[in-house]
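Everything on this sheet refers to the single structure shown next.
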Amino acid sequence: MIKILGYIASFNTILSVYLTGNKHISIWYISIVNQILWFVIGYSTKQYYLCFMALMLQILNIRGLRKWKA
């Protein structure tokens, strides 16, 4: 199951970068879901640095979404 989540999270990361280049608002929602996936992967595999990364990127995603909506 974690391996499948890894593929989904990787695909979402690539999609997020692509949509950022297109300045599409859905990037923020995809990124928020994606960071939840990375957190679950990191926690499940005891790679806590991934959890830290996901939390920090989640803060930046929420900030970006708020700024785009303002």
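The values are calculated or read from the model by the stated rules, or taken from the named source; none is laboratory data. Owing to the predicted nature of the structure, the values given are computational and were not obtained by experimental measurement. Ligands, DNA and RNA are stripped out before the accessible areas are found, and what is left, the full protein with its side chains, is counted by its heavy atoms. Shrake-Rupley method; radii C 1.70, N 1.55, O 1.52, S 1.80 Å.
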Accessible area per residue, 1.4 Å probe, Å², for the chain: what's the number?
73
Report ³J(HN,Hα) in whole Hz for each residue of the range 34-48, in order, from the Karplus equation J = 6.51 cos²θ - 1.76 cosθ + 1.60 where θ = phi - 60°; Gly and Pro get x.
4, 5, 5, 4, 5, 4, 4, 4, x, 5, 5, 9, 6, 9, 5
Taking only Cα atoms and a 10 Å spring cutoff, compute GNM fluctuations for the chain and point out the largest among GLN35, GLN47, GLN58.
GLN47
Residues of type lysines that LYS67 reaches as a straight line, Cα spacing below 18 Å, ignoring anything fewer than 8 places off in the same chain:
LYS23
For the range 16-30, what does the Karplus curve 6.51 cos²θ - 1.76 cosθ + 1.60, with θ = phi - 60°, yield as ³J(HN,Hα) per residue in whole Hz, taken in order and with x for Gly and Pro?
4, 5, 4, 5, 4, x, 8, 6, 9, 4, 5, 3, 5, 6, 5
Area accessible to solvent at TRP38, 1.4 Å probe radius, in Å²:
50
Compute and list, largest first, the equivalent-ellipsoid semi-axes of the chain from the alpha carbon gyration tensor, each √(5λ) rounded to a whole angstrom.
22, 14, 7
